[in-house]
1. If you take the residues in region 281-317 that are assigned to a helix (DSSP H, G or I) and in contact (Cβ under 8 Å) with a residue 24 or more places away in the chain, which one is most open to solvent (accessible area, probe 1.4 Å)?
2. Identify, from the list 105, 136, the residue that is over 20 Å from residue 349 (Cβ atoms) and within 16 Å of ligand 2 (Cβ to nearest atom).
3. How many of the residues in region 378-416 are more than 18 Å from residue 25 (Cα to Cα) and hydroxyl-bearing (Ser, Thr, Tyr)?
4. State all residues of region 29-72 that are among the small types (Gly, Ala, Ser), within 18 Å of residue 364 (Cβ to Cβ) and either in contact with a Gly (Cβ under 9 Å, 6 or more places away or on another chain) or assigned to a loop (DSSP other than H, G, I, E, B) (or both); if no residue qualifies, say none.
5. Out of all the residues in region 330-348, which are open to solvent by less than 70 Å² (accessible area, probe 1.4 Å) and more than 12 Å from ligand 2 (Cβ to nearest atom)?
6. Tell me whether region 35-46 contains one or more residues that are closer than 27 Å to residue 113 by Cα and of a type outside the set (A, V, I, L, M, F, W, C).
7. For residue 90, which of the numbered conditions (1) surrounded by fewer than 23 Cβ atoms within 10 Å (Cβ to Cβ); (2) more than 22 Å from residue 162 (Cα to Cα) fails to hold?
8. Can you find a residue in region 207-227 that is modelled with pLDDT of 95 or more, within 16 Å of ligand 3 (Cβ to nearest atom) and open to solvent by less than 10 Å² (accessible area, probe 1.4 Å)?
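The values are calculated or read from the model by the stated rules, or taken from the named source; none is laboratory data. Everything quoted here is computed from the prediction, not taken from an experiment. Every residue, glycine among them, receives a Cβ derived from its backbone with ideal geometry; neighbour counts consider all protein chains shown. Surface areas here come from the heavy atoms of the whole protein model, side chains and all, with no ligands, DNA or RNA. Shrake-Rupley method; radii C 1.70, N 1.55, O 1.52, S 1.80 Å.
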Amino acid sequence: MQVTTLGEALYPSPLRYFVSDSLRLAERIIQRPDEKMTDNIAFELAGPREKLFFDAKTTRAGIVTCGGLSPGLNDVIRSLFLELHHAYGVSQVYGFQGGYRGLDPHLGKEPLLLTPELVDDVHKKGGTFLGTSRGPVDTAVAVQNLIDKQINILFVVGGDGTQRGGYELYKEAKRQNYPLAVVGVPKTIDNDIPFVSQTFGYLTAIEEAAKALDRAHVEARCVNNGISLVKLMGRNAGFIAAGATLASQEVNFILVPEVPFKLEGPNGFLAALKKRILDRGHALVVVAEGAGQELLQNNTQLKDASGNILLNDIGQYLSTRIKTFFEDEDIPVHLRYMDPSYLIRSTRANAVDSVLCDLFARNAVHAAMAGKTGLIIGKLHDKYIHVPSELLASRKRVMETDGMLWQGVLASTGQPASFY
Ligand SMILES: Nc1ncnc2c1ncn2[C@@H]1O[C@H](COP(=O)(O)OP(=O)(O)OP(=O)(O)O)[C@@H](O)[C@H]1O
Ligand SMILES: O=P(O)(O)OC[C@H]1O[C@](O)(CO)[C@@H](O)[C@@H]1O
Ligand SMILES: [Mg+2]
């Protein structure tokens, strides 16, 4: 699947190795004997192109970071800048501040002109030094501002919402006949972006979450009938909870959005927890924030500024239900509810994530300089690819319950496949 290009690439690249525009990577590479591979998407491979659409001498680029924090945002900004500056010779790179708001000159601060000195050690800190936000921007105003500032390339670093926003900006620039390259870098600790096997920040987040689980385990073990209940992020998918569970190996029960569960009844979660307490005298329970929403009354459906549904607190709910259940059963327990959610995403990236950030960012620059637009950098089968932004909207990525990650989780916790 070819992504949109702004026009013929005429400028020779200053780089020394290149990836051909005609190479493709199939989305599915494992084939069942009876399966026809007709609907298999073939993605363009990312990487430097021999000819560039933009002349580095006159090109201006912008970077914006949006949505929730994820370890590695500063690494991505830094690598985008350094690749543009050192490898391609683009000297005017601007950091738009405060998320998409920063693209509106009436709402945001002036963009920062990035320099090697400014980005020098930003990767050593968590967060994003450009700031971030949720909430919409008027795309016509934003594109007009980019035109006024003669920005030719815009890197949008963020999750699914940010990439949908990037797609709107790409369409608006096209409508205004302005040759703008909009290239997305996929960010989220939730790891739920389609066509990206691993988003940056996920591995750091599960490393931090696993530390919290280990400590919660100690709390549960050191008292009689100790129950530690830990809530972790994961709005629509349980990747963080599952990854941290495998990293920690101490979890006895894990509840995720992909697997609905019942609390009551002989096969429900509470009965299983009671058995564990009677057998072993302690338990560690992990719940992803998006799990069990069907158990909670949510008639109002409040939304955040970006339109994401505000979830009800499954952690607090479970905590109350566990407490009253054991009171009714007349079994004394020490229940501790812990919510380390924000603490796992505000740290700096670990080494593996830093490498990932660097490669995502440099591939984003290669795509933009070649004049490709309306895409995000994806990663499948260990290869970086160009994914048309339009495609993202058509898919959701959640954990496969018959996949290796979830099956590993079931094996390590010993919990049944479902509580029904
Ligand atoms: N459909 C859309 N069209 C235009 N802009 C959008 C759209 N969806 C989201 N946005 C904008 O993208 C930005 C980021 O969106 P959101 O807050 O949902 O975070 P995200 O990028 O999904 O990251 P995460 O959910 O991982 O924290 C916000 O400014 C939001 O208004
Ligand atoms: O409170 P905030 O900043 O909106 O972020 C919370 C959301 O961010 C995420 O981590 C996604 O980035 C979700 O798991 C969570 O629902
Ligand atoms: Mg999102």
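1. The qualifying residue most open to solvent (accessible area, probe 1.4 Å) is 294.
2. Going through 105, 136 in turn, the sole match is 136.
3. 4
4. Within region 29-72, 46, 47, 56, 62, 67, 70, 72 meet the criteria.
5. Passing the criteria: 331, 333, 335, 337, 338, 340, 347.
6. The answer is no, given that none of the residues of region 35-46 is closer than 27 Å to residue 113 by Cα and of a type outside the set (A, V, I, L, M, F, W, C).
7. (1)
8. First pass over region 207-227, keeping only residues modelled with pLDDT of 95 or more: 207-227.
If we keep only those that are within 16 Å of ligand 3 (Cβ to nearest atom) as well, we get none.
Checked region 207-227: no residue is modelled with pLDDT of 95 or more, within 16 Å of ligand 3 (Cβ to nearest atom) and open to solvent by less than 10 Å² (accessible area, probe 1.4 Å).
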